[in-house]
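Chemist: Dropping a structure here in structure tokens format, bear with me for questions.
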Amino acid sequence: MTIQDINTTRRGFLAGSGLVIGVAIAPKMLSAAPTGVHAGGDPALAPMNAFVKIGTDDTVTVLSKHIEFGQGPFTGLATLVAEELDADWSQMRAVHSPTDNKVYANLMFGLQGTGGSSAIANSYEQMRKAGATARAMLVAAAADDWKVPASEITVQKGRIKHAASNRESGFGAFAEKAARQTPPAEPKLKDPKDFVLIGTELPKLDTHGKTNGTSIFTLDITPDNLLIAVVAHPEHFGATVKSFNDAEARKVQGVVDVKQVPAGIAVYADNTFAALKGRDALSIEWDLSKAETRSSEELSADYRKLFGEKGLEATNKGNLDDAFKAPGLQTVEAEIVFPFLAHAPMEPLDAVFIKADDGSVDIYNGAQFPGMDQEVAAKILGLDEAKVRVNTQLAGGSFGRKAQFGSPYIQEAAAVYAATDRTRPLKHMWTREDDIRGGYYRPMYAHRMRGAINAQGQITAWEQVIVGQSIMGKADLDETSVEGASNLPYTIPNLKVSAHNVQLSIPPLWWRSVGHTHTGFAVETFVDELFQKIGKDPVEGRLALLGEKPRHAGVLRKAAEMANWGSPAPEGRARGVAVVESFGSFVGQIVEVSIGPEGAPRVHKVWCAVDCGVAINPNVIKAQMEGGIGYGLGAVLFDAVTLAKGGKIMQSNFHDYRSIRINEMPDVAVEIIKSSEKPSGVGEPGVPPVGPAVANAWRRLTGAPVRQLPIVNIVSA
Amino acid sequence: MVTFTLNGQERTFDGDPDTPLLWVIRDFEKLTGTKYGCGVAQCGACTVHLDGMPRRSCVTPIATIEGSDVVTIEGVSGKEADAIKTAWAGLDVPQCGYCQSGQVMSAVALLQMVPKPTDADIDGAMTGNICRCATYHRIRAAIHNAANSMEG
């Protein structure tokens with residue numbers, strides 16, 4: 001597909017006649033009339049605030065303000081609309097919405113963006129209202145046409161019916177007439193007990209194109225006369241170009257130009273291989289005077305020096321100092337060090353820039369914060385924001401990588417494009433090496449834990465100190481550093497949690513499940529050690545301290561039931577358990593582990609129970625638990641980005657930044673707790689429990705607690 | 001000048017002979033179903049069939065395939081391909097979907113060689129294909145389903 005085809009498709013889609021449901025932000029909640037135009041687009045064509053479009057061909061298309069990169073918002077949002085519209089699932093379609101920070105704001109962020117496992121929670125009412133509005137307007141149109149009372153009309157599986165007069169129609173025939181009806185002031189939503197689609201395992205809308213190679217990702221956008229650009233980046237964080245020689249690069253067949261840009265040295269070529277070959281032929285001298293030159297080992301030592309100093313207080317309940325002075329106590333201490341982690345989505349970062357005849361620019365990218373990308377690119381390109389259109393594309397994963405405040409990737413790419421004369425479309429792409437070495441990692445963290453057990457075998461005190469970078473760039477306490485620890489779910493009378501923010505030139509970023517990637521591990525392994533010390537069963541011990549946390553207890557009980565907890569594990573295997581709440585969802589997991597052929601843990605089975613409120617699509621929820629488990633497991637077993645002595649990044653590609661592979665993937669069983677609570681997210685919450693559950697099983701199997709990640713390092717050390 | 005067959009059609013390439021087949025397919029032939037993921041044969045996103053065998057196109061210089069028959073996700077066909085695609089859809093295997101062309105190409109090649117693969121056969125054939133979304137659990141089940149569907 002060429003860019004021309006894509007534009008035609010988009011324009012055709014928005015131009016086609018039919019019913020378009022917009023969701024105006026104010027003053028009226030919903031408006032069916034187009035209230036504006038898509039920035040820069042043809043004013044006659046594009047309703048600015050479209051959320052749902054019903055075509056004369058009977059299709060119902062949902063415009064998703066959340067990017068689809070695997071977590072299922074296309075399917076989830078379409079389910080919400082279809083439910084209230086009483087559509088048939090086969091007529092549902094989904095596309096990305098245009099970019100508009102107001103109309104398409106994530107109601108939790110205040111700007112357009114995907115993240116924090118928020119798509120369903122954020123859209124649950126909004127998209128149902130859009131569906132209910134469309135249904136009411138279709139019914140009004142039919143009532144008018146058939147000269148019957150609207151109250152006598154029923155809608156089921158995409159068919160509008162009037163039984164008494166034996167009349168029936170699809171949506172398409174009334175789409176245009178419906179567009180001229182007055183939308184209801186407050187559309188009536190279904191009682192959840194009447195749901196017919198929500199809660200069923202509907203097939204995903206994006207499966208077909210992703211199975212036969214026809215789905216288009218940013219990397220696949222190949223307009224004629226396309227220029228490919230790659231940038232040579234430094235191997236140290238904070239390094240800058242001192243000097244470079246591009247003579248050999250320019251000799252490479254297909255290389256068009258070489259330029260110094262803020263991110264390094266850009267090579268422009270007629271095809272991808274020429275760009276890569278040209279980049280390899282560059283000779284660059286880097287200025288390391290401001291670079292991070294400490295190794296990971298040195299950083300770890302520096303972090304641990306902060307354990308004894310006064311930190312930023314996150315929680316302080318009871319009296320910790322007194323509690324630790326009580327007579328007859330057993331105390332347990334642990335230090336746990338977490339490495340930097342790259343997200344390594346399958347599709348490395350990329351973006352395509354195309355100038356239109358009027359000088360405006362279309363950007364095609366996997367935009368997780370599209371409004372921010374637009375703002376940043378407009379500034380660099382010297383254009384009004386209205387002259388820059390960000391066209392969100394399917395993305396090959398993100399796991400947090402594409403959600404960056406200030407859009408630093410788009411800054412790099414836009415600067416590379418801005419350095420050209422813009423006569424040719426340009427694709428800027430990162431290679432896997434750029435991705436692994438590109439920073440914006442899950443930061444390195446060090447935790448120190450102290451626990452006290454009294455003579456009666458009760459946990460009386462818990463202290464946790466967390467050292468690492470603030471993802472939010474804060475000078476004071478960053479909640480994302482301590483979430484999951486500062487709100488410890490277990491009832492322990494004396495609790496103190498504090499944090500230290502560390503400044504580094506290695507840019508930090510959230511990574512699937514954010515703070516819970518490390519707090520979940522530290523809390524769940526340490527509490528398990530305390531139970532072992534007391535001789536308490538890890539499930540019973542947890543349940544006894546979760547009296548105030550029924551949803552934690554619920555998933556834990558369910559996982560224990562699934563795993564037949566209490567029955568002996570097969571010879572040579574041990575089971576481990578963990579339960580973590582993140583992003584409003586609760587996940588309990590039990591794993592079964594043996595010692596693998598290379599001495600590392602072999603995870604055979606994971607039993608997973610999830611409580612995410614009302615389950616919109618159990619198929620997607622189960623897929624996210626399976627995927628989250630694999631993603632989290634791969635990281636705790638294998639992954640670290642490490643700085644060598646001198647600060648050079650050691651890893652570069654999948655051979656040394658390992659991904660879990662099919663032969664290492666455990667069998668996974670998932671059950672969803674039936675709930676009438678508001679729906680919460682599933683993209684991230686499957687990740688946190690698997691690591692500590694594996695470490696707990698490993699400690700019971702081998703006697704060795706996991707104090708450093710990844711596990712493979714301690715096994716091979 | 002290199003001459004080869006791409007999805008049944010004769011093609012020629014007269015650019016840099018070092019150019020990997022991946023970039024010939026994507027940049028020159030504009031077939032974009034075959035993906036770039038690592039460039040060093042570690043992830044399998046670029047898997048095509050070369051003379052009937054799965055091959056990582058990112059490390060296959062175009063000069064080495066003179067006279068060969070290349071099949072990509074756009075051209076793969078036959079009962080194994082149909083069974084795999086149907087099984088993939090039946091279990092909604094893809095998440096982000098970026099690696100799935102490569103997964104499908106490896107899985108089709110497996111079924112062409114081993115009509116009724118065991119779990120160990122699946123491990124052997126599919127370990128070179130990374131899925132960062134970790135859809136492995138469903139990939140394994142879908143391959144078994146596809147094999148079962150071909151029996152009848």
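Any read-out appearing in this document is the output of simple, stated calculations on the displayed coordinates, not a laboratory observation. Note that the structure is a prediction, hence the values are computed from the model and not measured. Note: ideal-geometry Cβ built from the backbone for every residue, glycine included; neighbour counts use all protein chains shown.
Chemist: Label-point separation (nm) for residue A:188 and residue A:164, each offset 7 Å from Cα along Cα-to-Cβ?
Modeler: Result: 1.7 nm between the two label points.
Chemist: Modelled label-to-label distance, residue A:650 and residue B:150, 7 Å Cα→beta-carbon offset: nm?
Modeler: It is 4.3 nm.
Chemist: Please list, in order along the stretch A:89-97, the HN-Hα scalar couplings obtained from phi with the Karplus expression 6.51 cos²θ - 1.76 cosθ + 1.60 (θ = phi - 60°), rounded to whole Hz, x for Gly and Pro.
Modeler: Whole-Hz 3J(HN,Hα) from phi for the stretch A:89-97: 4, 5, 8, 7, 9, 8, 9, 6, 6.
Chemist: What is the sum of charges around residue A:239, taking Lys and Arg as +1, Asp and Glu as -1, for the other residues whose C-beta is under 11 Å from the C-beta of residue A:239?
Modeler: Overall, the nearby charge balance is -1.
Chemist: Would you mind ranking A:353, A:526 by Cβ crowding within 10 Å, fewest neighbours first? Walk me through the numbers before you get to the answer.
Modeler: Values: A:353 26, A:526 23.
Fewest-to-most Cβ neighbours within 10 Å comes out as A:526, A:353.
Chemist: Of the trypsin sites (Lys or Arg not before Pro) in the stretch A:333-388, which ones lie in a loop per DSSP and count no more than 14 other C-beta atoms within 10 Å? Kindly include the intermediate steps, with their values, before the conclusion.
Modeler: Numbers: sites: A:355, A:379, A:387; in loops: none.
Filter output for the stretch A:333-388: empty list.
Chemist: With runs of 4+ DSSP H residues as the only contributors, calculate the mean residue ellipticity of chain A at 222 nm using -39,500 (n - 2.57) per run, divided by the residue total and rounded to the nearest 500.
Modeler: On the way: 19 runs with 209 residues, N = 717.
Computed ellipticity for chain A at 222 nm equals -9000 deg cm²/dmol.
Chemist: Using the Cα centre of the stretch A:58-103 as the reference point, and only Cβ charges (+1 on K/R, -1 on D/E), how large is the resulting charge dipole? Debye, rounded to the nearest 20. Could you put the intermediate results ahead of the total?
Modeler: Numbers: 3 positive and 7 negative charges, 59 e Å.
About 280 debye.
Chemist: What are the semi-axes of the equivalent ellipsoid of the protein assembly as shown, taken as the square roots of 5 times the eigenvalues of the Cα gyration tensor, listed largest first and rounded to whole Å? It would help to have the intermediate numbers written out before the result.
Modeler: On the way: eigenvalues 342, 265, 160 Å².
Over the Cα atoms of the protein assembly as shown, the semi-axes work out to 41, 36, 28 Å.
Chemist: For the pair residue A:177 and residue A:111, how long in nm is the line joining their label points, each one 7 Å along Cα→Cβ?
Modeler: Placing both labels 7 Å along Cα→Cβ, they lie 4.6 nm apart.
Chemist: With +1 on each Lys and Arg Cβ and -1 on each Asp and Glu Cβ, how big is the dipole of chain A about its Cα centre, in debye rounded to the nearest 20?
Modeler: On the way: 73 positive and 80 negative charges, 126 e Å.
It comes to approximately 600 debye.
Chemist: Quick one: which residues, 5 or more positions from residue A:502 or on another chain, have an amide H under 5 Å from its amide H? H modelled 1.01 Å from N in the peptide plane, none for Pro or chain starts.
Modeler: A:468, A:469, A:470
Chemist: Counting only DSSP beta bridges with both residues in the protein assembly as shown, tell me the antiparallel percent, nearest 5.
Modeler: On the way: 101 of 134 bridges.
Here the share of antiparallel DSSP bridges comes out near 75 percent.
Chemist: Okay, moving on. Net charge within 14 Å of residue A:508 by Cβ-Cβ distance, Lys/Arg positive one each and Asp/Glu negative one each, not counting residue A:508 itself? Could you put the intermediate results ahead of the total?
Modeler: Working: positive: A:401, A:442, A:474; negative: A:292, A:478.
Spelling it out: positives minus negatives among the neighbours equals +1.
Chemist: For the stretch B:120-125, what does the Karplus curve 6.51 cos²θ - 1.76 cosθ + 1.60, with θ = phi - 60°, yield as ³J(HN,Hα) per residue in whole Hz, taken in order and with x for Gly and Pro?
Modeler: So the J values, rounded to whole Hz, are 5, 4, 5, 4, x, 7.
Chemist: Quote the FRET efficiency, to the nearest 0.05, computed for residue A:534 versus residue B:121 with a Förster distance R0 of 41 Å and r equal to the Cβ-Cβ distance. All intermediate terms of the calculation are to be shown ahead of the outcome.
Modeler: Details: r = 47 Å, r/R0 = 1.14.
The formula returns an efficiency of 0.30 here.
Chemist: List, in order, the whole-Hz ³J(HN,Hα) value for each residue of the stretch B:5-21 obtained from phi through the Karplus relation with A = 6.51, B = -1.76, C = 1.60 and θ = phi - 60°; use x for Gly and Pro.
Modeler: Karplus-based 3J(HN,Hα) across the stretch B:5-21 equals 10, 10, 6, x, 10, 6, 10, 10, 9, 10, x, 4, x, 6, 4, x, 3 Hz.
Chemist: Would you tell me the mean number of C-beta atoms belonging to other protein chains that fall within 10 Å of each C-beta in A:343-353, as a whole number?
Modeler: Working: counts 1, 5, 5, 17, 9, 4, 0, 1, 0, 0, 0.
So the per-residue partner count for this stretch is 4.
Chemist: What are the semi-axes of the equivalent ellipsoid of the stretch B:2-71, taken as the square roots of 5 times the eigenvalues of the Cα gyration tensor, listed largest first and rounded to whole Å? Each step should come with its number before you reach the end.
Modeler: Values: eigenvalues 56, 33, 25 Å².
They are 17, 13, 11 Å, listed from largest to smallest.
Chemist: Pulled fully out, how much extra length does the chain show between residue A:324 and residue A:251, if you take 0.36 nm times their separation in residues and subtract their Cα-Cα distance? Before the final figure, lay out each step's value.
Modeler: Working: separation 73, 0.36 × 73 = 26.28 nm, distance 7.04 nm.
My answer for the length gained is 19.2 nm.
Chemist: Just to verify a number: FRET efficiency for residue A:595 and residue A:57, C-beta to C-beta distance, R0 = 51 Å, to 0.05? If you can, show how the numbers build up before the last one.
Modeler: Working: r = 59 Å, r/R0 = 1.16.
E(calc), rounded to 0.05, equals 0.30.
Chemist: Per-residue mean of other chain beta-carbon atoms within 10 angstrom of the beta-carbon, peptide A:627-633?
Modeler: On the way: counts 10, 2, 2, 7, 4, 1, 1.
Shielding by partners across A:627-633 averages 4.
Chemist: Going by amide H atoms built from the backbone, whose H comes under 5 Å of the H on residue A:51, apart from near neighbours?
Modeler: A:21, A:22, A:23
Chemist: Another question, if that's okay. Need the full-extension length gain, residue A:304 to residue A:384, defined as separation in residues times 0.36 nm minus the C-alpha distance. One decimal, nm.
Modeler: So the extension gain works out to 24.0 nm.
Chemist: Fewest first, what order do A:492, A:534 take by the number of other Cβ atoms within 10 Å?
Modeler: On the way: A:492 19, A:534 16.
Fewest-to-most Cβ neighbours within 10 Å comes out as A:534, A:492.
Chemist: Size of the dipole of the stretch B:2-71 about the Cα centre, Lys and Arg at +1 and Asp and Glu at -1 on the beta carbon, nothing else charged, in debye to 20? Numbers along the way, then the final one.
Modeler: On the way: 6 positive and 9 negative charges, 76 e Å.
So the magnitude is around 360 debye.
Chemist: Once each part is reduced to its C-alpha centroid, what is the distance from the stretch A:573-587 to the stretch A:478-520 in angstrom?
Modeler: First find each Cα centre; the distance between them is then 17 Å.
Chemist: Averaged over peptide B:29-37, how many Cβ atoms belonging to another chain are found within 10 Å of each residue's Cβ? Walk me through the numbers on the way to the answer.
Modeler: Values: counts 0, 5, 3, 10, 7, 2, 7, 10, 13.
Mean inter-chain Cβ contacts per residue within 10 Å come to 6.
Chemist: If packing is taken as the average count of other Cβ atoms within 10 Å, what order do A:462-468, A:236-242, A:413-419 fall into, highest mean first?
Modeler: The most tightly packed comes first, giving A:462-468, A:413-419, A:236-242.
Chemist: So if R0 is 35 Å, what FRET efficiency would residue A:200 and residue B:79 give, r being the distance between their Cβ atoms, rounded to the nearest 0.05?
Modeler: Details: r = 31 Å, r/R0 = 0.90.
It comes out at approximately 0.65.
Chemist: Specify which residue in the list A:230, A:351, A:408 is farthest towards the positive end of the charge dipole of the protein assembly as shown, using unit charges on the beta carbon of Lys, Arg (+1) and Asp, Glu (-1), about the Cα centre.
Modeler: Of A:230, A:351, A:408, it is A:408.
Chemist: Can you list residues from other chains, or at least 5 along the same chain, whose modelled amide H is less than 5 Å from the amide H of residue A:287?
Modeler: Result for residue A:287 returns A:240, A:241, A:242.
Chemist: Moving to a separate point now. Answer with one residue from A:18, A:650, A:286: the one whose Cα lies farthest towards the positive end of the charge dipole of the protein assembly as shown, charges on Cβ with Lys, Arg +1 and Asp, Glu -1.
Modeler: Farthest along the dipole direction, towards plus: A:18.
Chemist: Picking from A:123, B:60, A:511, whose Cα lies most toward the positive end of the charge dipole for the protein assembly as shown (charges on Cβ: Lys, Arg +1; Asp, Glu -1)?
Modeler: A:123
Chemist: Note the full-extension length gain between residue A:283 and residue A:676 as 0.36 nm times their separation in residues minus their Cα-Cα distance, in nm to one decimal. Please report the intermediate quantities before stating the final value.
Modeler: Details: separation 393, 0.36 × 393 = 141.48 nm, distance 6.18 nm.
Taking residue A:283 through residue A:676 to full extension adds about 135.3 nm, to one decimal.
Chemist: While we're here: Straight-line reach from residue A:325: which lysines have Cα under 23 Å away, leaving out those fewer than 8 places along the same chain?
Modeler: Here the lysines satisfying the reach criterion relative to residue A:325 are A:310, A:317, A:496, A:533.
Chemist: Counting other beta carbons within 10 Å of each Cβ, put B:64, A:517, B:47, B:12 in order, fewest first.
Modeler: Details: B:64 13, A:517 27, B:47 30, B:12 8.
In increasing order of surrounding Cβ atoms, one gets B:12, B:64, A:517, B:47.
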